[in-house]
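In what follows, a structure is listed as structure tokens, so that the remarks can point back to it.
The values are calculated or read from the model by the stated rules, or taken from the named source; none is laboratory data. These numbers come from a predicted model, not from an experiment. No Cβ is skipped: glycine too gets one built from the backbone with ideal geometry, and neighbour counts run over all protein chains shown.
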Amino acid sequence: MTRRVRLGLLSVSLFLLALPLTVGKPGLPPTLKSDEPAYYLMAESLAHDGDLEVDTGDLERLFDEFPYQPVRNLILMTNDGWNTVLFGKPYLYSLFAAPFAGLAGADGMVLFNMLLLVAMIWMGAAYLARWNPGGTAAIFAGGFFIASAGFSYVFWLHSEVFNMAAVAACLYLGLGPALEDDCDERGRRRRALVMTALSGAALALAVYNKPMVAALSLAPLLAQAVRRRWAAVAVWIAGAAVSLGLAAGIATALTGHPTPYLGVERQGVVVCSPDELPIDRSTAATPEEMGAEKGALGGAWSWIFRVPDVDPGRLGENVLYFFVGRHTGLFLYFPFSLLAILLFLVHERRSGWRWGLLGSLAAVALFFLVFIPANWQGGGGFVGNRYFVNVYPAFLFLVTRIRPLWTLPATFTAAGAFVGTIVFTPFGAAVPEPTLQAHVRNAPFRPFPLELTLREIPGYTKVPLGSMEVLARKDVVLPRAGRLWIANGQPVELDILAPRPVQGPFHLLVRSEAPDNRIRLQMGDADETVELGSATADGPEARVTLDPGGPSRWTHRGEPPEPVPVYTLIVTAAHGRSELWTRAFPPPRCPDSGFAHYETLPDNFPVGAELVLLATGDTLDQDVFGVTWRRVEVRDRVLPGQTFYAKVDLVNSSDAAWRPGAAAEVHLSYHWYTADGALVDFDGVRTDLPLPVGAGGEAEVLQEIRAPETPGRYELVLDPVFEHVSWFSRKGVEPYRVPVTVVAEPATE
């Protein structure tokens, strides 16, 4: 590289290194997230105490820097039944980051991460300069590491960037000597062997954290083997073995175990106070329990050695998501990986060891997809694919000549569209319903498939609708008692998961309070637009029938997984009105800690449309109106406003089954009248039936009833209702009537 290129790289490097020192450790949420608490406190403990034992001094350091919210996932372990408490994550990243944490806390760890990123850029530029002008090599290397989701992990107190740097160092050091045509000179040969040993040692650092990364050893070993440099192969293996043994030995000295993933008890705790270590012995995971299945705490390494249950359908679906998934797609979040593969196929497709490197990357990906098919992207906290980002630098070493040059600006353009938001807001965007995945709300991501096989995608809500389930974004869809409020101003996607293919159309009820509103509904082959006004106080409504012509796609759910049809409904409302609603928060995990919290909070939602999924197929057209009352047991005296229950035994005497569906289901309900026939309450509480109830079938139900508020003599009228269609009594079916007295004094049995 020329002096000008080095000057340019140095300038960019200094800019990047200054950035962590100018901002306090931010993030969403505004506290430590995912596994950050353990990594951060391990670095602090090693810097200040020289050990990995947990005490209140560690917690005090935590609260000094992060005093605003409780820390929710500090992972701990023990060797002796929680008499001695240790941090429960691999320590290597924290060990190397400890000097930086000791000087500047969390910002120091971010600076350490940025140093590793800068080192990777320089290694990448030096490697590519073998075949390209220095400027081209530097631009490619800078874009490869910065214009990717990997850049966001610099701002995580996590081991991902550390593992990335270990992988990059392994390949840079290991492939340099292997690509030399002449290593006969003694000095050069000795230097090459030292670099080869360091290559193996570097990869061992990542393998200690993620054992599956060991697959990448194939590339440097093959590169040496094809030149019959068996001494170099042996030196590489020796370097890796010594490094891994040293890491395990230091861990044993510090904790009594070579790794926190074998032979210990572990648990994740919520830290509410700097004065108390919240160990819960009743929920601690034993080694046997962790070995049975990889759980929320990261499990134990014993799960790696089990024989996985592979479902071909789910695996194929996950492979699709792995490459182009909306939240996880490799080519979306790491556009330079696609360019690297293409350049490899154009220029180096005859390179055997590079095919080995590509195969190693495929093996790592396949490992996660096979062994943790519902969690392969990195759990609840992730940007792109948090697990696979550890090996992302290996793609750079597939590349030699960067030709044609127009591929560089094309890839930077794609990176700007897909990861530009992540690069410029690596701490998380401040948006409604903020999550680390808020960038997918931007237009480029919408055509790509939502990863329905994953256990958890933050920022989405699941709404049960009869036998179906709707998955939608929380910021644009709000469930309200069987209805869905849909935000206006943008296409809103609802993925409807049905237990089986729907025969016939979907029937929906659409309402709007906004004046002169235009609402478009798209589902498969169906595309309907309704014009709604505001002529009545309740707002106008319209029934819409959409026949999608078949599922939008299929997904695999459950254990064992089964194919499930998915119907995607797109709702676009032109206008909306702000509606006040009460946001409910879960009970505080730290009720006595002094942290600010709200149990409820008023909020506004821009309602463009109110949507009710009534039914599917011919359900609305069926005559379900027939009931025979076998036996009804109900109190004759109750308190004002009291909730009580009636034992109801009835028979479906219609010719059609009462089936589970969506909103239009058969429920039990009631009306209240005074003794002289005046209506008191027509729209009683609904009670679910044990659907399906076939024609002629019988059901026994405890029906919930709420008494009138005023004492007196009343008539209780039990009347089933086919929701959004009709009460049974209005179809000529005789309801069940019983006199009930509401008394001021306590009722007697």
Of the criteria (1) surrounded by fewer than 16 Cβ atoms within 10 Å (Cβ to Cβ); (2) polar (S, T, N, Q); (3) at pLDDT below 95, which one T628 fails: (3)
Some residue of region 483-499 being free of Cβ contacts under 8 Å to residues at least 40 places away in the same chain, surrounded by 13 or more Cβ atoms within 10 Å (Cβ to Cβ), in contact with a Pro (Cβ under 7 Å, 6 or more places away or on another chain) and closer than 15 Å to T568 by Cα: no
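Residue by residue through region 631-656, note down the ones that are buried (at least 18 other Cβ atoms within 10 Å of the Cβ) and assigned to a loop (DSSP other than H, G, I, E, B). Outline the logic, then answer.
We begin by selecting, within region 631-656, every residue buried (at least 18 other Cβ atoms within 10 Å of the Cβ); these are 634-635, 638, 646, 648, 650, 652, 654.
Correct list: V634, R635, S654.
Quick one: which helices (runs of 4 or more DSSP H) sit completely within region 309-427 and have at least 3 residues that are crowded, with 17+ Cβ neighbours inside 10 Å, of a type in the set (A, V, I, L, M) and over 24 Å from the mean Cα position of the chain (by Cα)?
335-347
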Scan of region 688-725 for residues that are at positive phi and part of a strand (DSSP E or B), ordered by number: G712
Hey, A18 crowded, with 19+ Cβ neighbours inside 10 Å and either touching a residue at least 12 places away in the same chain (Cβ under 8 Å) or in the same structural domain as N375 (by TED's automatic domain parsing) (or both) or not: no
Test set (1) free of Cβ contacts under 8 Å to residues at least 60 places away in the same chain; (2) surrounded by fewer than 22 Cβ atoms within 10 Å (Cβ to Cβ) - V85 fails condition number: (1)
Qualifying residue in region 602-616 (condition: in contact with a Phe, Trp or Tyr (Cβ under 9 Å, 6 or more places away or on another chain), surrounded by 15 or more Cβ atoms within 10 Å (Cβ to Cβ) and assigned to a loop (DSSP other than H, G, I, E, B)): no
Lone qualifier among A214, A168 - being at pLDDT 90 or above and either of a type in the set (D, E) or surrounded by fewer than 24 Cβ atoms within 10 Å (Cβ to Cβ) (or both): A214
Enumeration of residues in region 123-140 that are assigned to a helix (DSSP H, G or I) and crowded, with 18+ Cβ neighbours inside 10 Å: M123, G124, A125, Y127, L128, G134, T136, A137, A138, I139, F140
Which numbered condition S34 fails, given (1) at pLDDT 90 or above; (2) over 30 Å from A138 (Cβ atoms); (3) crowded, with 20+ Cβ neighbours inside 10 Å: (1)
Criterion violated by V270 - all others in (1) modelled with pLDDT of 90 or more; (2) under 22 Å from G57 (Cβ atoms); (3) among the β-branched types (V, I, T) satisfied: (1)
Qualifying residue in region 100-118 (condition: of a type in the set (D, E, K, R) and more than 25 Å from the chain's Cα centre (by Cα)): yes
All positions within region 58-78 that are surrounded by 14 or more Cβ atoms within 10 Å (Cβ to Cβ), outside any strand (DSSP E or B), modelled with pLDDT of 85 or more and not hydrophobic (A, V, I, L, M, F, W, C): D58, R61, E65
Condition check for A238: at pLDDT 65 or above, assigned by TED's automatic domain parsing to the domain that holds E65 and either farther than 23 Å from G359 by Cα or in a loop (DSSP other than H, G, I, E, B) (or both): yes
Qualifying positions in region 191-235 - in a helix (DSSP H, G or I) and basic (K, R): R191
